[in-house]
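Data first, discussion second: the structure below is written as structure tokens.
Values quoted throughout were computed directly from the atomic coordinates according to the rules given, and no laboratory measurement underlies them. Only a predicted model underlies this, so the values are computations on that prediction, with no experimental measurement involved. When we count neighbours, we look across all protein chains shown, and the Cβ atoms used for this are built from the backbone with ideal geometry, even at glycine.
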Amino acid sequence: MEEKNYYTIDPEGKLTCMKCGIPLVKGKAKFMYLDNGFPVELPVCPQCGFVYVPEELALGKVASVERALEDK
Amino acid sequence: MMDEQIRIEERGSTHVYRQIKMLSEEELVLRESRCVYEQPAYCVAACPLKLDAKAFMDAAAKDQFDKALQLYEKIAPFPAILAAGCEAPCEHKCKLCELGEGIAVRDVEQAVVRYGKRPTVKGFLRMKKKQTVVLFGSGLLILFLTGELVKKNYPVTVVSEEPDLEQWLRAAVEKAGIPEDAVQHDLALLKKMDLTLRGAELPDAQQIRAAAEEFNAVCVSPALTAGLFPEAAPDQALMYDRDLHIVTGSGESEGGVLAAAEAAKRAALSVDRIVQKLDPSNMRGTEGTSETRLYTNTEKVQPSDRLPHDMADGYSREQAVREAQRCIQCHCDECIKGCAYLQHYKKYPRILTREIYNNVGVIMGDHMMNKPINACSLCGQCTVTCPNGYDMAEICHRARQNMVSTDKMALAPHEFALLDMLFSNREAFLSRTQPGYESCKYVFFPGCQAGAVAPETVRAAWTDLSSRLEGGVALMLGCCGAICDWAGRYELYDTVKEFIDRELEKLGGGTAPVVIAGCPTCMKELKGHEGLEVKGIWDVLLEIGLPEGGQGLDRPVAVHDACGARGDHAAQEAIRTIAGKLGMEITETEYSGDRSPCCGYGGLTAYANKEVAHEMTELCLSRSDAPYITYCMACRDRFAREGRQSRHILELVYGTDAGAPPDISEKRYNRMRLKNDLLKEVWNEEVYEVGPDFDIHYTPEALQLMDQRMILKSDVIDVLKYARESGEAILDQESGLYIARARIGNATFWVKYTQENENTYLVRSAYSHRMNIVTR
């Protein structure tokens, strides 16, 4: 069965990893907070594993899930 | 400085299911009982029929007579007769009687009955009850009881010597002096009622006894009972004779319209119990008049008299509206009026306390009240404004401590402040005796915010004190621990307390010197240390006289009293005396002194809930248009941030001006600068400041965002340092920006920047999140 993804962003080749000099690709990542995990697909460097969290995501969905978990 | 090992840990998991009661049920009830918000208005409590006279007057005042009539008919099946004959005890209890004349309730009731319209649309079809009731005789009690029972949907049979309904009704009211138009009004209602009259029938004792076989409840007028059953002794509270099994009363229940109406309500309730074959004395709820503990502030109410009628038969509709508009809608909102926090959540303390108590008891699931718990400034204003001293701060503080103890308290709302406290007591901490003294008689403790907001003032104050006081004045720059106390982190608070005590002992050569506090909150916190003598700098300045060079403002000023000085009248007075000596004219506001609201910094509201903190500041500033003089640096800072001219009293005493409010990074920088400058210039200690080996510039937008998002320049530096060391960064081709990140403590910080050259960065934006991100 396919694993659920809470959020997906495809970098479409617009982001470059400065360390490895290659484009970021849509890759599997996981947000962890207070012992809770959320699988997501985010821009990831296929070589060094750098995961990019865009500003809108951090201040939007991520922040609201943080607040919700903090009240658990 | 404080132990480097002390960490502020994020709680491990949301899956911790622990619970400790924050209060016993008795303690909770005791606290709740202090809040009188839900107590009935004086008129409502005085009405034995339980008319909601307050809501009634409100509707009448808004010219909503139909609604008012509906409220009145709820308690009066024959409204015109009741309004005409009621003795109106509510009028004597009206709060306005204390000032002038109370509301003419009965006159307004009469007008409402006259001009109000009953709904023409038929309501839901109401099912008749199966149990039947018979009523024997006539009179006010039987009339009203009939009305009550019809309203309750009993199939009602009336047996009486009067031949028809009109005569039966007239017989009932003949002694009550009810005007003809009222009789006509209620006769029309009676004729519409669904009941059976067996007229022209003189009931006898045997018939009444036998009725119990045919009907589920038997009611008899007091006059018939007295005549047919001389041995009867009905219970006046229940309107019931247990031996005869009849609902009835003595002659007293016919004493007047109101007495009969009240007796009819009691009798109707007994009928409800009897038809279910239950004891009529049980489960009756509250009946009759009640006591009220309501408090209503009439300070701003102008005394007024009743509106005279110019019509023979009472008020016109317009007059009734105007008379009803005199009603002040008695209620207690003393705490809410002065508190932006209670206004924000639109809840009075009793309900807020109950919800917080329940929230703390939630073992698994959402804690909906965490935000309100952390939004209170713990300032204690409500303990003064509430007529019963309700202490919302204690509730919220206890709840925070409780949540910390059960590991339910999230770190996020308070982490920045807690880290700031550690900064104050580590990097920025300074504790030195005055040069030339092994130990000192005094120590100046200005408070963390003083160093953060007005470092020059701190320096001037200590220089002055140490030059004029005998016995040496040490200096301690640090945090008193209020931050962790407010956050509910009681273990950390004890650690800070021990640390401060230890450092103080060193300064005094074994015993702590007399502390001269520069901040009322520090003073309050430090007074809680065993054996510590603490004075306010304001007291010391009045003892030794103000230094040369002080200058007051040349406009009238408002003094904003610090919440830390609530109850400390000597401190409040001292500030005014100093302001007077500096030539300032003070205008007092309604919320001066002990009634002062919090500026929004207290209780960490400014960190945990910026929206409420902003509302608190606004409320403070709405009290006066004058510049504000404060004696807490946090108040000074928050008012200045909102654009109001505000000065700390010590700035004026020492002729310093801290200027525009610093941002969060400048607040740290100011503390470090103060410490390092003093170490170098006073104690000749060389300080090596190691900055980054690259240049960082910020766009104004970035600085604004960082302040909003509580991101320090030091966080940005750490991210860039990490990016330089690891090479980890990305380039966004669309915006042309580089983006780097680093995990610092419990958060990941991201920086968007451009690079002019290898060693020069221009930061365009920064953001953070607490979630950790991993690949899978």
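Within segment B:277-306, name every residue whose backbone N is under 14 Å away from a label modeled 7 Å from Cα of B:Glu101 along the Cβ vector.
It comes to B:303-306, nothing else.
Dimensions of segment B:1-44 along principal axes (Cα, Å, largest first)?
64, 32, 17
Considering Cα pairs under 8 angstrom that are at least six residues apart, work out the relative contact order of segment B:674-767 and quote it in whole percent.
In percent, rounded to a whole number, it is 30.
Are there any helices in chain B, counted as whole DSSP H runs, that stretch 24 Å or more along their axis by Cα and score at least 1.0 on average by Kyte-Doolittle, and if so which? Spell out each step's value before the answer.
On the way: long enough: B:257-275 (27 Å, 0.87); B:490-508 (27 Å, -0.74); B:664-681 (26 Å, -1.50).
Membrane-span-like by this criterion, though nothing is claimed about a membrane: none.
How far apart, in nm, are two points set 7 Å out from the Cα along the Cα-to-Cβ line at B:Glu25 and at B:Lys191?
5.7 nm
Using the Cα centre of chain B as the reference point, and only Cβ charges (+1 on K/R, -1 on D/E), how large is the resulting charge dipole? Debye, rounded to the nearest 20.
1600 debye
Please compute one quarter of the surface area of the Cα convex hull for segment B:233-326 and express it in square nanometres. Display every interim value, and only then the final one.
Details: hull surface 40.7 nm².
Hull-based average projected area comes out at 10.2 nm².
One-quarter of the Cα convex hull surface for chain B, in nm²?
Projected over every direction and averaged, the Cα hull of chain B covers 46.3 nm².
Assuming R0 = 51 Å, can you tell me the calculated FRET efficiency for the pair A:Asn5 and B:Tyr688, based on Cβ-Cβ distance, to the nearest 0.05? Spell out each step's value before the answer.
Numbers: r = 50 Å, r/R0 = 0.98.
Using R0 = 51 Å, I get an efficiency of 0.55.
Mind checking which lysines have their C-alpha under 26 Å from A:Lys61, skipping anything on the same chain fewer than 8 residues away?
A:Lys4, A:Lys14, A:Lys26, A:Lys28, A:Lys30, A:Lys72, B:Lys371, B:Lys408, B:Lys610, B:Lys713, B:Lys752
Here is the link list: B:Lys67/B:Lys265; B:Lys50/B:Lys265; B:Lys62/B:Lys117; B:Lys441/B:Lys506. Which ones come out longer than 18 Å on Cα distance?
Those over the limit are B:Lys67/B:Lys265.
Tell me the mean residue ellipticity at 222 nm calculated for chain B from its helices only (DSSP H runs of n ≥ 4, each -39500 (n - 2.57), averaged over every residue, nearest 500).
Rounded to the nearest 500, the figure is -13000 deg cm²/dmol.
B:Arg502 to B:Ser405: FRET efficiency via 1/(1 + (r/R0)^6), r the Cβ-Cβ distance, R0 30 Å, to the nearest 0.05?
That gives a FRET efficiency of 0.70.
Let me know the whole percent of all Cα-Cα pairs from chain A that are separated by more than 19 Å.
Value for chain A (Cα pairs over 19 Å): 38 percent.
Please state the charge dipole magnitude for segment B:133-275, taken about the Cα centre, from unit charges on C-beta atoms (+1 on K and R, -1 on D and E), reported in debye and rounded to the nearest 20.
Working: 12 positive and 22 negative charges, 82 e Å.
Roughly 400 debye for segment B:133-275.
Which residues in segment B:717-759 have a backbone N closer than 15 Å to a point placed 7 Å from the Cα of A:Lys14 along the Cα-to-Cβ line?
What the label zone holds, given the 15 Å backbone N cut-off, is B:731-739.
Given labels modelled 7 Å from the Cα in the Cβ direction, how far is it in nm from B:Gln704 to B:Arg118?
Result: 6.5 nm between the two label points.
Normalised by the residues of chain B, what does the relative contact order come to in percent, with Cα pairs under 8 Å and at least six apart?
Numbers: 1385 pairs, mean separation 88.2, N = 776.
Result for chain B is 11 percent.
Which length gain, in nm to one decimal place, applies between B:Met311 and B:Lys581 when the Cα-Cα distance is subtracted from 0.36 nm times their residue separation?
Using 0.36 nm per residue and subtracting the Cα-Cα distance, I get 90.7 nm.
Return an integer: the convex hull volume of the alpha-carbon atoms of the protein assembly as shown, in Å³ per residue.
Convex hull of Cα atoms, per residue: 236 Å³.
Give the Rg/Rh ratio for segment B:333-409, taking Rg as the radius of gyration of the Cα atoms and Rh as the Kirkwood radius, to two decimals. Walk me through the numbers before you get to the answer.
Details: Rg = 12.2 Å, Rh = 12.6 Å.
Result: Rg/Rh = 0.97.
What percentage of all Cα-Cα pairs in segment B:695-769 are separated by more than 21 Å?
Values: 454 of 2775 pairs.
Considering segment B:695-769, 16 percent of its Cα-Cα pairs are separated by more than 21 Å.
Let me understand segment B:133-275 better: what is its radius of gyration from the alpha carbons, and its Dmax, in angstrom?
13.7, 41
Once you list every other residue whose beta carbon is under 11 Å from the beta carbon of B:Glu231, what net charge do they have if Lys and Arg are +1 and Asp and Glu are -1?
That sum, taken over residues with Cβ under 11 Å, equals -2.
Please list the three semi-axes, largest first and in whole Å, of the ellipsoid equivalent to segment B:45-189, using sqrt of 5 times the eigenvalues of its alpha carbon gyration tensor.
Working through the eigenvalues yields semi-axes of 28, 19, 14 Å.
Which FRET efficiency value, to the nearest 0.05, is calculated for B:Arg293 and B:Glu87 with the Förster distance at 25 angstrom and r the Cβ-Cβ distance?
Calculated value: 0.55.
Quick check on chain B: of the DSSP beta bridges with both residues there, what percent are antiparallel, nearest 5%?
The antiparallel proportion sits near 40 percent.
Could you line up B:Ser596, B:Ser765 from fewest to most neighbouring Cβ atoms inside 10 Å?
Final ranking by Cβ density, sparse to dense: B:Ser765, B:Ser596.
With labels modelled as points extended 7 Å from the Cα through the Cβ direction, what inter-label distance (nm, one decimal) is found for B:Asp181 paired with B:Ser33?
4.9 nm
Rounded to two decimal places and with Rh computed the Kirkwood way over Cα pairs, what is Rg over Rh for segment B:330-483? Mind showing how you got there, number by number?
Working: Rg = 20.8 Å, Rh = 18.6 Å.
On the Cα set of segment B:330-483, Rg over Rh gives 1.12.
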